[in-house]
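Below is one structure, written out as structure tokens, with a few remarks after it.
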Amino acid sequence: MTDASGTTYPRITMTTASSAEPPAETEPAAAASDLPDAAPEARPIGVFDSGVGGLTVARSIIDQLPNESILYVGDTAHGPYGPLPIAEVRANALGVMDELVDSGVKLLTIACNSASAAVLRDARERYTAKYGIPVIEVIQPAVRRAVAATRSGKVGVIGTSATIGSRAYDDTFAAAPDLEITSAACPEFVSYVEAGITTGPGLLAVAEEYLAPLKAAGVDTVVLGCTHYPLLTGVISYVMGADVTLVSSAEETAKDVYRALATHNLQRISEAPPEHHFVATGDAGQFEALARRFLGPEVLSVRHVDHVAAQYPTGSLARITPEMIAAAQSARNRPRISNFVGGGFAGARRGGGSAQ
């Protein structure tokens, strides 16, 4: 695809996971299974979100780093994360990242504000300190941009209930003096985006209700504290007014990804076209339709796999611990644990520990 500026983007092959049986005929797996044995810089960037919102981050990474391969996971079987207890968000997010690390990624991007608030410190101890894999998140880049953008020092933050309740943005803004922060949870925004609804009177009414405290506070900058929210910039900008700056973390996060790759000498230098694979843990058809709409027409084909490691098998990392699973399950009456493998957590991972 070529955009208005003349930039040519590589073709994207979407890979999604679903409960359906895999097709009888599949593409040869040789290239994929060779990936973990390749040089570190040749491996993909791992990006994950609880749904399609993280595609805004993936889009910015592809735009700014067109030579890099992306392995994206939308944990739609367990998302959205926003309404979930922090313990469950943590268990789901670490489960996804364990799979991505097992899959041989060279860098992890947490393209989800709820997950960033819940697991960033754990993730950097678990993957960076132990395995040397950089972890990039979306909160700090957005805060940096908002601090630079505000003229009055009055900044609004909107996000999921989990993100706002964690006070992760308040804590991050604390390093910048003389700012007045007004936060508001907008839980239904994610549901609208996941349903493919980005306009209409119902959404407008919800937006006016959610954004009323920010308008009353006179903020001149609003941080879109969920990666789904950039897909609603039309209605948010309409309600807040043209003079209010909307800050999306997607572009700033992609800049942090660039810095991390350059710092750790992990930039892909191959002349071969990059390969982008997108995996959904829930409904593959719905994910594909939304991805085609939100990411762009580069999404041309879909191939089903049972789990990420089936395509990029290394099995270097054990599954999340039984204690984490118990904490998540006790938080709700039904289990909602990140689960790529059809058989649940029973069974040892090759080269890693047992999930029992």
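The values are calculated or read from the model by the stated rules, or taken from the named source; none is laboratory data. Since the model is a prediction, treat every value here as computed from it, not as a measurement. We place every Cβ from the backbone using ideal geometry, glycine too, and count neighbours over all the protein chains shown. Remember, those area values only see protein heavy atoms, side chains included, never the ligands or the DNA or RNA. Shrake-Rupley method; radii C 1.70, N 1.55, O 1.52, S 1.80 Å.
Among the residues making up the stretch 161-178, those that are hydroxyl-bearing (Ser, Thr, Tyr) and open to solvent by 10 Å² or more (accessible area, probe 1.4 Å) are Ser161, Ser166, Thr172.
Would you confirm, using the coordinates I've provided, whether Val105 is crowded, with 24+ Cβ neighbours inside 10 Å, more than 27 Å from Pro83 (Cβ to Cβ) and touching a residue at least 12 places away in the same chain (Cβ under 8 Å)? Against the criterion (crowded, with 24+ Cβ neighbours inside 10 Å, more than 27 Å from Pro83 (Cβ to Cβ) and touching a residue at least 12 places away in the same chain (Cβ under 8 Å)), Val105 qualifies.
Each residue in the stretch 184-200 was checked for being surrounded by fewer than 15 Cβ atoms within 10 Å (Cβ to Cβ) and over 21 Å from Met240 (Cβ atoms), and 2 pass. Candidates in the stretch 251-277 are the residues that are buried (at least 18 other Cβ atoms within 10 Å of the Cβ) and in contact with a helix residue (DSSP H, G or I) (Cβ under 6 Å, 6 or more places away or on another chain); of these, the one that is farthest from Gly218 (Cα to Cα) is Arg268. Across the stretch 234-250, what is the number of residues that are of a type in the set (S, T, N, Q) and surrounded by 20 or more Cβ atoms within 10 Å (Cβ to Cβ)? Here the count works out to 2. Among residues of the stretch 146-159 that are surrounded by fewer than 15 Cβ atoms within 10 Å (Cβ to Cβ), those with a beta-carbon under 9 Å from a residue that is not polar (S, T, N, Q) at least six positions away or on a different chain give the pairs Arg151/Asp220; Ser152/Glu180; Ser152/Gly218; Ser152/Val219; Ser152/Asp220. The set of residues from the stretch 193-217 being under 22 Å from Val57 (Cβ atoms), in contact (Cβ under 8 Å) with a residue 40 or more places away in the chain and aliphatic (A, V, I, L, M) comprises just one member, Val193. Name the residues in the stretch 174-201 that are within 14 Å of Ile139 (Cβ to Cβ) and at pLDDT 95 or above, would you? Across the stretch 174-201, the qualifying residues are Ile181, Ser183. Just one of the listed residues (Glu298, Glu275) is at pLDDT 80 or above and among the acidic types (Asp, Glu), and it is Glu275. Look at (1) part of a loop (DSSP other than H, G, I, E, B); (2) crowded, with 18+ Cβ neighbours inside 10 Å; (3) without any contact (Cβ under 8 Å) to a residue 40 or more places away in the chain and you find that Ile181 fails only one, number (1). Taken together, Leu71, Leu65 contain a single residue that is modelled with pLDDT of 85 or more, buried (at least 24 other Cβ atoms within 10 Å of the Cβ) and out of contact with any Cys (no Cβ under 9 Å at 6 or more places or on another chain), which is Leu71. For the stretch 218-233, a tally of residues being open to solvent by 20 Å² or more (accessible area, probe 1.4 Å) and either touching a residue at least 24 places away in the same chain (Cβ under 8 Å) or more than 23 Å from Ala117 (Cα to Cα) (or both) returns 3.
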